[in-house]
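Novice: After the structure tokens below, expect a handful of questions from me.
The values are calculated or read from the model by the stated rules, or taken from the named source; none is laboratory data. Computed from a predicted structure; not experimentally measured. Heads up, the Cβs are rebuilt from the backbone with ideal geometry, glycines too, and the neighbour counts pull from every protein chain shown.
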Amino acid sequence: MNHRKSGRILSRNRNQRRALFRTMFGSLVLHERIETTLAKAKELKDKVDPLMNKAKKSAVDETKKLNAIRELRRTLPTKTVEKLVSPEFISRFEGRTGGYVRVVKLEARKGDGAKMAVIEFVA
């Protein structure tokens, strides 16, 4: 049975999946738009909201900022965390409580026919 199981396996073990999403989220924050397969984009979209909410907590109070940075550094690269908690980046998402990214479908990849998508920040 498949009850209470969530997330895609993506033909990787747990550590490889964590590393994949860590680097993908880092690239998304640094470049604000990445092109990937549809399955990876949909899975990354689910992981973005909690991390963005942690980053938004850092804008409220200085002590919360320090705690949010520590929490984010456990899962993300340092350059990504610095840009993520910057006031310019966070201010773009003031009125949002979720839905920070959108997934736009593209044509299939030529080589293997994989469904492709672009994932980008909304605001």
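Novice: Quick one: residue 1 ticks every box in (1) part of a loop (DSSP other than H, G, I, E, B); (2) in contact with a strand residue (DSSP E or B) (Cβ under 8 Å, 6 or more places away or on another chain); (3) among the hydrophobic types (A, V, I, L, M, F, W, C) bar one, so which box is it?
Specialist: So the condition that residue 1 fails would be (2).
Novice: Identify all residues within the range 58-92 that are in a loop (DSSP other than H, G, I, E, B), out of contact with any strand residue (DSSP E or B) (no Cβ under 8 Å at 6 or more places or on another chain) and not hydroxyl-bearing (Ser, Thr, Tyr); write none if there are none.
Specialist: At the first step, the residues of the range 58-92 found to be in a loop (DSSP other than H, G, I, E, B) are 58-61, 76-77, 85-86, 92.
Still in the list and also out of contact with any strand residue (DSSP E or B) (no Cβ under 8 Å at 6 or more places or on another chain): 58-61, 76-77, 85-86.
Passing the criteria: 59, 60, 61, 76, 77, 85.
Novice: Which one is surrounded by the fewest Cβ atoms within 10 Å (Cβ to Cβ) among residues in the range 20-46 that are of a type in the set (Gly, Ala, Ser) and in contact (Cβ under 8 Å) with a residue 40 or more places away in the chain?
Specialist: 39
Novice: Six or more apart or on different chains, Cβ under 9 Å: which pairs go from a residue in the range 93-121 that's assigned to a strand (DSSP E or B) to one that's surrounded by fewer than 10 Cβ atoms within 10 Å (Cβ to Cβ) and modelled with pLDDT of 95 or more? Could you list them?
Specialist: Correct list of pairs: 116/107.
Novice: Within the range 4-19, track down each residue that is charged (D, E, K, R) and either assigned to a helix (DSSP H, G or I) or without any contact (Cβ under 8 Å) to a residue 24 or more places away in the chain (or both).
Specialist: Those that are charged (D, E, K, R) and either assigned to a helix (DSSP H, G or I) or without any contact (Cβ under 8 Å) to a residue 24 or more places away in the chain (or both): 4, 5, 12, 14, 17, 18.
Novice: Right, something else. Quick check: anything in the range 69-89 without any contact (Cβ under 8 Å) to a residue 60 or more places away in the chain, surrounded by fewer than 16 Cβ atoms within 10 Å (Cβ to Cβ) and of a type in the set (Gly, Ala, Ser)?
Specialist: yes
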